[in-house]
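Notes follow once the structure below has been shown.
Read-outs: derived from the displayed coordinates by stated rules, not from any lab. Treat the numbers as computed from the prediction; the structure is a model and nothing was measured. FYI the Cβ positions are ideal-geometry reconstructions off the backbone, even for glycines, and counts take in every protein chain you see.
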Amino acid sequence: MLPHLTYLLVLAGCLFGALWLEPLLKVGVLRQVRRLVLTIAPVAAVFVVWDLLAIRAGHWTFDPAQLTGVVFPGGLPLEEVLFFLVVPVCAILGFEATRQTLLRMASAGFFRRRRP
């Protein structure tokens, strides 16, 4: 197959598994771009710095055979930066889909106690 695309394909799989929640369940996460960026950017920045420190210290490496070869200063591959963006977006989509589904079910009376 294409081993240099492995990491990107895993990220694409994550997106594929989560993006359908937006149109099907109408969770509205991607319509609130500013809120999404303000949620993800600080955390992604911390993890980028963490990775850069770990790379510099020799504690963290990446298999170049599974990467595209695009590397940022400090040795951080493109795929790792994308990881810090894609995974939180997928998690937020999943969380919001669950939260909104439970709210809809509760408002429809799904969780009302039934008397025996």
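Find out how many positive minus negative residues lie around Phe62, taking Lys and Arg as positive, Asp and Glu as negative, among other residues whose Cβ is under 12 Å from that of Phe62.
Summing Lys and Arg as +1 and Asp and Glu as -1 gives -4.
Taking only DSSP H segments of four or more residues, each worth -39500 (n - 2.57), what value at 222 nm results for the chain once the sum is divided by all its residues, to the nearest 500 deg cm²/dmol? Mind dumping the intermediate values first?
Details: 4 runs with 74 residues, N = 116.
Helices in the chain give a 222 nm mean residue ellipticity of -21500 deg cm²/dmol.
When a footprinting reagent is the concern and you count Cβ atoms within 10 Å, what order do His4, His59 take, fewest first? Mind dumping the intermediate values first?
Values: His4 14, His59 9.
Least crowded to most crowded, the residues run His59, His4.
Calculate the tail of P(r) for the chain: the fraction of all Cα-Cα distances greater than 16 Å, expressed in %.
69
Modelling each spin label as a point 7 Å along the Cα-to-Cβ direction, I'd like the Ala91/Thr61 distance in nm, to one decimal.
Result: 2.8 nm between the two label points.
Within the set of other residues whose C-beta is less than 13 Å from the C-beta of Ala41, count the net charge using Lys and Arg as +1 and Asp and Glu as -1.
Working: positive: Arg34, Arg35; negative: none.
Once all neighbours under 13 Å are counted, the net charge is +2.
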